[in-house]
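K.L.:
The following block contains the structure, expressed as C-alpha cells.
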C-alpha cells in the first residue's frame, strides 16, 4: 500500500488508525516517522514519504515519533493473511528466529538460500532480515526500559543485542533518546499512558497489546476458557492464563480484555524470551487481523450480515504451540469438550514438565512431542484408531519433518497431516485454522457449522456448503467464528457472563 501515494496521504490526513501497521509515514522536514493515525497535525503532502516497514524507515535515517510511538502499532495483517516466502519470513522474524539462529537459521527454516530471503525481503519491505530484526529488538528494548526496573545491561541482552554499545547506539538512533532518557520520560508520564506499567514482582512485566478495532472478546476468550486444559490453562479473575514453553525457559501469561487493548502480564524465567512470548500472545489472540476488511466482505452475504453487525471484529482463537494444538485435536476427535479436556489433563499430568504458579492454579507445561514419544498408547483411554493417530502424529513431529510452527508452509503441512492415520478433513482444517493461522481454513463437516448453516438457511451437506462458502474467501476461518456464534455454547461468551 505504501506505493499508493494519494491513498496514503488521505489516510494520514484523516488520522485513520485502521492503517496503523500497513505503512509508515516519514516526514522529510523533521526526520521522524509516524503511524498513519498519529494525533499531531499532518505534514504537507510534499513533505511526506512512505515506507512499508518501520525497519525501512529507520534504515533510511528516520527516527520514531515520540507522540504516536509507531514501533508499538499493531503488526501488518499481511503477514497473517499470506503464505508466501515474505509472509513466512516476517512471522518467523517476529518470533525471534533471527535473534536466536541468525539469518542462516531463518533461511534454513524457510527452505531457501540466505541470498534469496534477503533479496525478497529487501524488494518488498525495503529492509533485509537483519534490519527487520533490529527494529524488533529496539521495540523490545523500549518495552523493557519503560515498563521494568531491569538494569540497562540486562535490558540490552534480554532484547537480543550483542553488546551494550550496540544497544545504546540503536536506542539513540531509533528514538532520539538515550535509554536513561527513555526511562526518565516514561516515569514522568501520567498513569495509564504508554505501553504498560512497571511490575514490582521480579521476572514479571505488565504491558498492553494493541489491536485494530473492532474486537469482540466473547468468542475469543470464551473459546480459550471453555476448552482450557487443566494445569496448563485457566480463567481466573477476568483473565485467561496459561503456561508457555519458550526457547530459553518457560513463562506464564495472563491476558485480559480491556478497553482498546489487551492487558498482558508476563512472568518469565529468562528475559530473552520476551519478544517471542509477546509474538505468541499476539498470534494466539489474532491481534494483527484487519477486522474492517474481514467484516466488510462477510457483511456482503445477507445471511451473515446481521451477525457481523451484531458483534463485529470476531477473531480466530489460535494457539501458542502448533504441535500442542495438533495433539489436542486428536484427543478431541468424536468426544465432548469436557471429555477432551479430561484426556488432555491426564496427558499433561503424566508427561508435562511441572512449573510453579504462585498466582494461580497452573501446574505444568503441555508436553512436547519429544516428551510424548515415550508414552505407552495402550495406557490411553481412547479407541485404538485414535491411539494410532496420536502416535503417528508424534512420530511425524519428532522425526518426520512435520512443521506446524508459525512460519510453516501451509500447503505442505496440510498434505503431511492428511497422510497421517486418523487425520480426516476436519482435523486437517482445524489445525490449519488455529495452528497454521490460515484465514481461509474451513470446516464444512463440523457439527456446530452444520447446525448454524441449517438455522441460517445455508446448505448443510459438506460439498454444497463448500461451494456456498466461496463467497467468503479468503476469510472463511472468520466466517466459521460467526457461524459458531449462532449457537448457545460456552465458547461464545466470556466466562464471567455465564454466572
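All of the numbers you see were taken from the coordinates with simple rules; none came from a lab. Everything numeric in this text was worked out from a predicted model, so none of it was measured. Note that each Cβ is placed from the backbone with ideal geometry, even for glycine, and that neighbours are counted across all protein chains shown.
K.L.:
Report the calculated FRET efficiency for residue 259 and residue 7 (r = Cβ-Cβ distance, R0 = 45 Å), to the nearest 0.05.
P.N.:
It comes out at approximately 0.90.
K.L.:
How big is D for the stretch 127-190, in µm² s⁻¹ as a whole number, if Stokes-Einstein is applied with the Kirkwood radius of its Cα pairs at 25 °C and 0.890 mPa s?
P.N.:
Estimated via Stokes-Einstein, D reaches 210 µm²/s.
K.L.:
Okay, moving on. What fraction of the Cα pairs in the stretch 74-124, stated in percent, has a spacing above 14 angstrom?
P.N.:
So the portion of pairs separated by more than 14 Å is 47 percent.
K.L.:
What percent does the relative contact order of the stretch 1-136 come to when contacts are Cα pairs within less than 8 Å and at least six residues apart?
P.N.:
Once divided by the residue count of the stretch 1-136, the mean separation gives 22 percent.
K.L.:
Please give the length that would be gained between residue 66 and residue 374 if that part of the chain were fully extended, namely 0.36 nm times their separation in residues minus their C-alpha to C-alpha distance (nm, one decimal).
P.N.:
Between residue 66 and residue 374, full extension yields an extra 105.6 nm.
K.L.:
May I pose another question? Quick one: grab the alpha carbon gyration tensor of the stretch 5-70, order the square roots of its eigenvalues as a ≥ b ≥ c, and give me rounded if a/c is under 1.5, else prolate or oblate depending on whether a/b is larger than b/c.
P.N.:
Verdict is rounded for the stretch 5-70.
K.L.:
Given R₀ = 60 Å, FRET efficiency for residue 44-residue 338 by Cβ-Cβ distance, to 0.05?
P.N.:
Plugging the Cβ-Cβ distance into 1/(1 + (r/R0)^6) gives 0.45.
K.L.:
Let me ask you something else. Could you check what % of the DSSP bridge pairs in the chain are antiparallel, to the nearest 5?
P.N.:
Approximately 90 percent, going by the DSSP bridge assignments.
K.L.:
Return the whole-Å distance between the Cα centroid of the stretch 453-486 and the Cα centroid of the stretch 400-419.
P.N.:
The stretch 453-486 and the stretch 400-419 have Cα centres separated by 25 Å.
K.L.:
Please list 251-259, 478-486, 265-273, 282-290 highest first by mean number of surrounding beta-carbon atoms within 10 Å per residue.
P.N.:
The densest-packed peptide leads the list: 478-486, 282-290, 265-273, 251-259.
K.L.:
Assuming R0 = 25 Å, can you tell me the calculated FRET efficiency for the pair residue 411 and residue 293, based on Cβ-Cβ distance, to the nearest 0.05?
P.N.:
0.65
K.L.:
How high is the relative contact order of the stretch 5-70, in percent, with contacts defined as C-alpha pairs under 8 Å that are six or more residues apart?
P.N.:
Rounded, it is 36 percent for the stretch 5-70.
K.L.:
Quick check: residue separation of residue 463 and residue 122 times 0.36 nm, minus the Cα distance between them. What number comes out in nm?
P.N.:
That works out to 118.6 nm of additional length.
K.L.:
Can you give me the Cα centroid spacing of the stretch 225-247 and the stretch 37-108 in angstrom?
P.N.:
30 Å
K.L.:
Hey, another quick one. Can you tell me the length gained on complete extension of the stretch residue 113 to residue 356, counting 0.36 nm per residue apart and subtracting the Cα distance?
P.N.:
Between residue 113 and residue 356, full extension yields 83.3 nm more.
K.L.:
Measuring from the lowest to the highest alpha carbon on each principal axis, how far does the chain reach, largest first, in angstroms?
P.N.:
67, 51, 50
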